[in-house]
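Chemist: First the structure, then my questions, so here it is.
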Amino acid sequence: MILPRSLLLAAGLSLVSLAAHADLLTIEDAQVRAVPPGSQASAAFMTLRNPGEEDVVLVDAGSAAAEVMELHNHVDVEGVMQMRKVPEIVVPAGGSTSLAPGGLHLMLIGLTAPLEEGEPVEIELIFESGDSQRFEAPVRQIMVHDHDHDHDHDHDHDHDHDHDHDHDHDHDHDHDHDHGDHSHSH
């Protein structure tokens, strides 16, 4: 009776130690792209940092938010950027790998529910070593492909305000001009 209990305890301790060891990576700036209701796919972005002395190889990922998760990259095929599934993502020892729009990312395919902005999505990373690591990534609005686009969006907002002002001015000017033309042709 004592032997199985101690074996169980040892197994329990090794599971705890495996869980602690499973955090092979430090995950920063994790986020899942908000998509319109009815969309079937989204993408997750983050920076994966490897504080260890050996490369960490990510081979799969999973989430309850999607039927399937795949590792993807954007590659240049004869001058055209195409999204391709990749078998693994390597995070070098003592280094980091960025998963960002227009590059490596995790694809969520067959969304199981609408992604609500601000809500956390639990993601599990699965490594070549057999270890896994879970974390949560909030759903956020992310501009596709272009990080500068986000800046343009803010700038555009200011520009809209100016544009309204210019537009009213132009509208009055055009109206006078049309009226002038109309009188002239009449």
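Chemist: If only one of Pro51, Pro37, Pro87 is over 17 Å from Leu108 (Cα atoms) and in a loop (DSSP other than H, G, I, E, B), which one is it?
Modeler: Result of the check over Pro51, Pro37, Pro87: Pro51.
Chemist: Tell me the residue from Glu28, Glu67 that is outside any loop (DSSP other than H, G, I, E, B) and exposed (fewer than 12 other Cβ atoms within 10 Å of the Cβ), please.
Modeler: None of the other options fit; the residue is Glu28.
Chemist: For the condition open to solvent by less than 70 Å² (accessible area, probe 1.4 Å) and at pLDDT below 95, what is the one hit in Val77, Val91? Walk me through how you get there before you give the answer.
Modeler: Working: Val91 fails: at pLDDT below 95.
Of the residues listed, the single one that is open to solvent by less than 70 Å² (accessible area, probe 1.4 Å) and at pLDDT below 95 is Val77.
Chemist: Shifting gears a bit: Starting from region 90-101, take each residue that is free of Cβ contacts under 8 Å to residues at least 40 places away in the same chain and list its partners that are among the polar types (S, T, N, Q), counting only C-beta distances under 9 angstrom and pairs at least six apart or across chains.
Modeler: Here the result reads Val90/Thr97, each pair linking region 90-101 to a residue that is among the polar types (S, T, N, Q).
Chemist: While we're looking at this one, here's another question. Filter region 41-61 for residues that are within 21 Å of Ile142 (Cβ to Cβ) and either open to solvent by less than 30 Å² (accessible area, probe 1.4 Å) or at pLDDT below 95 (or both) and give the result. It would help to see each step written out before you state the result.
Modeler: First, the residues of region 41-61 that are within 21 Å of Ile142 (Cβ to Cβ): 41-49, 58, 61.
Within region 41-61, Ser42, Ala43, Ala44, Phe45, Met46, Thr47, Leu48, Leu58, Ala61 meet the criteria.
The values are calculated or read from the model by the stated rules, or taken from the named source; none is laboratory data. A quick note: this is a predicted structure, and the numbers were derived from the prediction, not measured. All Cβ positions, glycine included, derive from the backbone under ideal geometry; neighbour counts span all protein chains shown. These area figures cover heavy atoms from the full protein model, side chains too; ligands, DNA and RNA do not enter into them. Shrake-Rupley method; radii C 1.70, N 1.55, O 1.52, S 1.80 Å.
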